[in-house]
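Engineer: Before anything else, here's the structure in question.
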Amino acid sequence: MNNKLLVIGTMAYDAIETPFGKTGRILGGCATYIGLAASQFKTQCGLVSVIGDDFEKAHLDLLIGKGLDLSGVHSIPGEKTFFWSGKYNNDLNSRTTLETQLNVLTKFEPVVPEHFKNASILLLGNLDPNLQIKVLNQMEKKPNLVVLDTMNFWIESYREKLNEVIAKVDLISINDEEARQITETHSLVKAAKKLMAMGPNYVIIKKGENGALLFDKDKIFCAPALPLEEVFDPTGAGDSFIGGFVGHLSQCGRISFEEMKAATIVGSAMASFTVQNFGTKSLEKLTIPSIKERIVAFKSLTEFEI
């Protein structure tokens, strides 16, 4: 197993409003959050995405400076980058989309760079399942671990193709609402079993401020969410989570349920940083000592003796 991690997803711009503030046009996109989180680990991380010529050089320099390989990022001249604007409700668990501009996404034809076709870990970020399949089919052989993220829009509108993708992956990472939507089951334990019957060996169900669940056949691991004094913006928390998760696995070079338990805590730690500032600001300033300190804080939440 090599330490190459390939991520397909969006590089975008967002405009976000929460009860605690409002931003202008800021850096976003699932591949951006995933890449910034994974860059904290000893992994060769490559992004496959598409941008317009309005994507700022400073943001490209930021990602390159973090050690991310952007040779799979295609820039389309004369086109604009994907843009999303949204407003969160007071509980921060629900939001209203104010505007979506697909822009370059309508012309996205993902191409995997030759030097990443042998990546040991492939992360299919939240995108059209047709694009996810195209990337998976370009790999030289099936990676050691294929991870899938998706959302309610793809579940509702592209169900047949999404089912095809789910059957080909090793792990699916979705939130509790999406898990219930796919399986038409209220119980998350039953939902996880139904998802595993569709193909994946592992399932992660994210529960926002209530932590995350990791499933492997009859095994379940529950990771808490860190109680924070201030939460400003939940955008990108799920992407930061899975970025930290696969970053840890790529660094340690082992794929097992026990290692995934540790990766779930690492991912939760990365997500906890993201929500403490708007957009990618927290991830941009992260240091290894602060990450280690946060992981210790997570460990202390559940340490006890009987």
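Engineer: Only one of Val111, Val147 is within 20 Å of the chain's Cα centre (by Cα), surrounded by fewer than 18 Cβ atoms within 10 Å (Cβ to Cβ), of a type outside the set (S, T, N, Q) and more than 21 Å from Ser85 (Cα to Cα); which?
Structural biologist: Numbers: Val147 fails: surrounded by fewer than 18 Cβ atoms within 10 Å (Cβ to Cβ).
So the residue among Val111, Val147 that is within 20 Å of the chain's Cα centre (by Cα), surrounded by fewer than 18 Cβ atoms within 10 Å (Cβ to Cβ), of a type outside the set (S, T, N, Q) and more than 21 Å from Ser85 (Cα to Cα) is Val111.
Engineer: Quick one: in segment 72-99, of everything that is surrounded by 14 or more Cβ atoms within 10 Å (Cβ to Cβ) and β-branched (Val, Ile, Thr), which residue is farthest from Lys207 (Cα to Cα)?
Structural biologist: Ile76
Engineer: Does segment 65-72 contain any residue that is over 19 Å from the mean Cα position of the chain (by Cα) and over 22 Å from Asn277 (Cα atoms)?
Structural biologist: To start, the set of residues in segment 65-72 that are over 19 Å from the mean Cα position of the chain (by Cα) comprises 65, 71.
Checking the rest, the ones that are also over 22 Å from Asn277 (Cα atoms) come to 71.
For segment 65-72, residues over 19 Å from the mean Cα position of the chain (by Cα) and over 22 Å from Asn277 (Cα atoms): present.
Engineer: With the structure loaded, tell me whether Lys206 is buried (at least 19 other Cβ atoms within 10 Å of the Cβ), within 25 Å of Val169 (Cβ to Cβ) and among the basic types (Lys, Arg) or whether it fails that test. Lay out the reasoning, then the answer.
Structural biologist: On the way: buried (at least 19 other Cβ atoms within 10 Å of the Cβ): yes; within 25 Å of Val169 (Cβ to Cβ): yes; among the basic types (Lys, Arg): yes.
Yes.
Engineer: What residue, of Leu127, Leu122, is touching a residue at least 40 places away in the same chain (Cβ under 8 Å), assigned to a loop (DSSP other than H, G, I, E, B) and within 17 Å of the chain's Cα centre (by Cα)?
Structural biologist: Details: Leu122 fails: assigned to a loop (DSSP other than H, G, I, E, B).
Being touching a residue at least 40 places away in the same chain (Cβ under 8 Å), assigned to a loop (DSSP other than H, G, I, E, B) and within 17 Å of the chain's Cα centre (by Cα) holds for just one of Leu127, Leu122, which is Leu127.
Engineer: Then there is this: Under 8 Å by Cβ, and 6 or more places apart or on different chains, what pairs join a residue from segment 210-223 that is under 15 Å from Ala179 (Cβ atoms) with one that is part of a loop (DSSP other than H, G, I, E, B) and aliphatic (A, V, I, L, M)?
Structural biologist: Short answer, once both residue conditions are applied: Asn210/Ala225; Gly211/Ala225; Ala212/Ala225.
Engineer: It is to be established whether one or more residues within segment 231-245 are of a type in the set (A, V, I, L, M), over 22 Å from Trp84 (Cα atoms) and either surrounded by fewer than 17 Cβ atoms within 10 Å (Cβ to Cβ) or over 17 Å from the mean Cα position of the chain (by Cα) (or both). Spell out how you get there, then give the answer.
Structural biologist: Let us first name the residues in segment 231-245 that are of a type in the set (A, V, I, L, M), namely 231, 237, 242.
Now restrict to residues that are over 22 Å from Trp84 (Cα atoms): none.
No, segment 231-245 contains no residue that is of a type in the set (A, V, I, L, M), over 22 Å from Trp84 (Cα atoms) and either surrounded by fewer than 17 Cβ atoms within 10 Å (Cβ to Cβ) or over 17 Å from the mean Cα position of the chain (by Cα) (or both).
Engineer: Looking at Leu105, Leu162 in this structure, which one is farther than 26 Å from Lys42 by Cα, hydrophobic (A, V, I, L, M, F, W, C), in contact (Cβ under 8 Å) with a residue 60 or more places away in the chain and part of a helix (DSSP H, G or I)? Before you say what the answer is, go through the steps one by one.
Structural biologist: Working: Leu162 fails: in contact (Cβ under 8 Å) with a residue 60 or more places away in the chain.
After applying the criteria, what remains is Leu105.
Engineer: While we're on this one: Mind listing whichever residues of segment 248-272 are touching a residue at least 12 places away in the same chain (Cβ under 8 Å), part of a helix (DSSP H, G or I), closer than 13 Å to Ile121 by Cα and out of contact with any strand residue (DSSP E or B) (no Cβ under 7 Å at 6 or more places or on another chain)?
Structural biologist: His248, Gln251
Engineer: Turning to a different aspect of this structure: Of (1) of a type in the set (A, V, I, L, M); (2) more than 25 Å from Gly247 (Cα to Cα); (3) in contact with a Phe, Trp or Tyr (Cβ under 8 Å, 6 or more places away or on another chain), Val50 satisfies all except one. Which?
Structural biologist: (2)
Engineer: Considering only strands (runs of 3 or more DSSP E) fully contained in segment 7-96, which possess at least 3 residues that are in contact with a helix residue (DSSP H, G or I) (Cβ under 8 Å, 6 or more places away or on another chain) and in contact (Cβ under 8 Å) with a residue 60 or more places away in the chain? Before you say what the answer is, go through the steps one by one.
Structural biologist: Numbers: elements: 12-18, 26-28, 44-52, 69-76, 83-88.
Per the criteria, 44-52.
Engineer: Looking only at segment 40-71, filter to residues that are small (Gly, Ala, Ser) and either under 17 Å from Val147 (Cβ atoms) or at pLDDT below 95 (or both); which one of those is surrounded by the most Cβ atoms within 10 Å (Cβ to Cβ)? Lay out the reasoning, then the answer.
Structural biologist: Going through segment 40-71, the residues small (Gly, Ala, Ser) turn out to be 46, 49, 52, 58, 65, 67, 71.
Imposing the further condition that a residue be either under 17 Å from Val147 (Cβ atoms) or at pLDDT below 95 (or both) reduces the set to 46, 49.
On the way: Gly46: 22, Ser49: 29.
Ranking the qualifying residues of segment 40-71, first place goes to Ser49.
Engineer: Can you say whether Leu195 is in contact (Cβ under 8 Å) with a residue 12 or more places away in the chain and surrounded by 17 or more Cβ atoms within 10 Å (Cβ to Cβ), as far as the supplied structure shows?
Structural biologist: So Leu195 passes the test.
Engineer: So, in segment 155-195, how many residues would count as being in contact with a Phe, Trp or Tyr (Cβ under 7 Å, 6 or more places away or on another chain) and either among the aliphatic types (A, V, I, L, M) or farther than 19 Å from Lys217 by Cα (or both)? Write out each step before concluding.
Structural biologist: Step one: filter segment 155-195 for residues in contact with a Phe, Trp or Tyr (Cβ under 7 Å, 6 or more places away or on another chain), giving 162, 170-171, 192.
The next check asks that each one be either among the aliphatic types (A, V, I, L, M) or farther than 19 Å from Lys217 by Cα (or both); those that pass are 162, 171, 192.
The qualifying residues number 3.
Engineer: Shifting gears a bit: Those residues that are farther than 20 Å from Ser282 by Cα and out of contact with any Leu (no Cβ under 7 Å at 6 or more places or on another chain), I need them from segment 208-222; list them, please. Reasoning before the result, please.
Structural biologist: Filtering segment 208-222 down to residues farther than 20 Å from Ser282 by Cα leaves 210, 212-222.
Across segment 208-222, the qualifying residues are Asn210, Ala212, Leu214, Phe215, Asp216, Lys217, Asp218, Lys219.
The values are calculated or read from the model by the stated rules, or taken from the named source; none is laboratory data. This structure is a prediction, so every number in the text was calculated from the model and none was measured. Using ideal geometry, Cβ is built from the backbone for each residue, glycine included, and neighbour counts are taken over all protein chains shown.
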